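Engineer: Encoded as structure tokens, here's the structure I'll be asking about.
The values are calculated or read from the model by the stated rules, or taken from the named source; none is laboratory data. In this text the structure is predicted, and so the values were computed from the model without any measurement. Here Cβ is always computed from backbone atoms with ideal geometry, including for glycine, and neighbour counts include all displayed protein chains. Surface accessibility is based on the protein's heavy atoms, side chains included, excluding ligands, DNA and RNA. Shrake-Rupley method; radii C 1.70, N 1.55, O 1.52, S 1.80 Å.
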Amino acid sequence: MIDTDTLPLRKPADVSHPIHDLISERWSPRAFADRPVEREKLYSILEAARWAASAGNQQPWHFIIATKENADDHERLVATLWDRNVLWAKYAPVLILVVAKLYDRPGKEYTSFYDTGMAVGNLVTQAVDLGLVTHQMGGFDADKARETLGIPEGYQPLAMIALGYPGTPDVLPDDLRERELAPRSRKPLEEFVFEGRWEQSVLAR
Ligand SMILES: Cc1cc2nc3c(=O)[nH]c(=O)nc-3n(C[C@H](O)[C@H](O)[C@H](O)COP(=O)(O)O)c2cc1C
């Protein structure tokens with residue numbers, strides 16, 4: 001686990017039950033340091049994704065990575081993002097497009113989304129351990145990504161991930177800086193955990 005004292009901004013989860021630091025320290029900043037991510041670290045976070053569980057060990061996840069050092073690749077990924085994400089994500093030294101192979105068993109197509117989410121869960125957690133931050137984005141044009149990146153039928157682009165070292169919020173425009181500094185919040189356990197049957201409340205306080 002990295003030295004949290006050196007981070008420009010921490011927003012640890014305000015937990016009601018104890019959890020691992022790697023989970024509580026993860027959050028989704030928009031400010032990135034102007035510093036490349038070492039290849040070994042990039043491969044480690046992808047290796048963490050590799051070891052996720054999946055239905056029948058089918059491992060449906062794919063990742064298209066682009067680093068700022070390869071400006072054309074990076075710009076091609078940036079060009080698929082919605083404008084409000086481009087504003088800040090274009091400064092991330094690494095962009096990762098998450099793509100799921102759709103399982104071909106009828107009715108099971110969506111299980112590959114579940115499995116790919118598991119892999120991304122590993123990826124973002126490993127990033128925390130390496131002192132890196134991630135910000136996932138659904139705000140991108142999947143059809144454009146499919147076209148400009150040559151993604152074949154049977155594969156679904158699901159999300160873009162901005163990855164890098166954390167930056168200071170001062171680099172952001174006012175509205176984004178405000179969101180960067182805003183507290184993180186979650187629904188209480190009672191709202192999404194039931195005991196025994198649907199809507200039977202669990203008292204986890
Ligand atoms: C699938 C997914 C899509 C998201 N899409 C966007 C997005 O397009 N733009 C954005 O700024 N944040 C996006 N986020 C980030 C969420 O807003 C963020 O994870 C959430 O507010 C919780 O904050 P935290 O990650 O700091 O705990 C997305 C997150 C996920 C998991």
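Engineer: Within the stretch 35-164, what whole-number % of the accessible surface is contributed by carbon and sulfur, with the 1.4 Å probe and all protein chains included in the calculation? Before the final figure, lay out each step's value.
Structural biologist: Values: 3280 of 6470 Å².
About 51 percent, which is the carbon plus sulfur part of the accessible surface.
Engineer: Right, something else. Spin-label point model (7 Å from Cα, Cβ direction): what's the R177 to E109 distance in nm?
Structural biologist: Taking the simple label geometry, R177 and E109 are separated by 4.6 nm.
Engineer: With a 10 Å radius around each residue's Cβ, average the other Cβ atoms per peptide and rank 24-32, 150-158, 91-99, highest first.
Structural biologist: On the way: 24-32: 20.1, 150-158: 14.2, 91-99: 23.8.
Highest to lowest by the protection proxy: 91-99, 24-32, 150-158.
Engineer: Hey, what's the stretch 87-205 come to in accessible area per residue, 1.4 Å probe, Å²? Mind dumping the intermediate values first?
Structural biologist: Numbers: 6810 Å² over 119 residues.
Roughly 57 Å² per residue, with all protein chains present.
Engineer: Using a 7 Å offset from the Cα along the Cα-to-Cβ direction at both A71 and S28, what is the distance between the two label points in nm, to one decimal?
Structural biologist: 3.0
Engineer: Still on this structure, please answer the following. Could you tell me the relative contact order of the stretch 59-180? Use alpha-carbon pairs under 8 Å, at least six residues apart, and round to a whole percent. Show your work: numbers first, answer last.
Structural biologist: Details: 175 pairs, mean separation 37.8, N = 122.
Worked out over the stretch 59-180, it gives 31 percent.
Engineer: Further question on the same structure: What percent does the relative contact order of the chain come to when contacts are Cα pairs within less than 8 Å and at least six residues apart?
Structural biologist: Details: 331 pairs, mean separation 60.5, N = 205.
The normalised contact order for the chain reaches 29 percent.
Engineer: I'd like the accessible area for H62, computed on protein heavy atoms only with a 1.4 Å probe and all protein chains in place. Round to 10 Å², please.
Structural biologist: 90
Engineer: Going toward the positive end of the dipole of the stretch 147-188, with +1 on Lys and Arg Cβ and -1 on Asp and Glu Cβ, which of Y155, S185, V171 do you reach last?
Structural biologist: Result: S185, furthest along the dipole toward the positive end.
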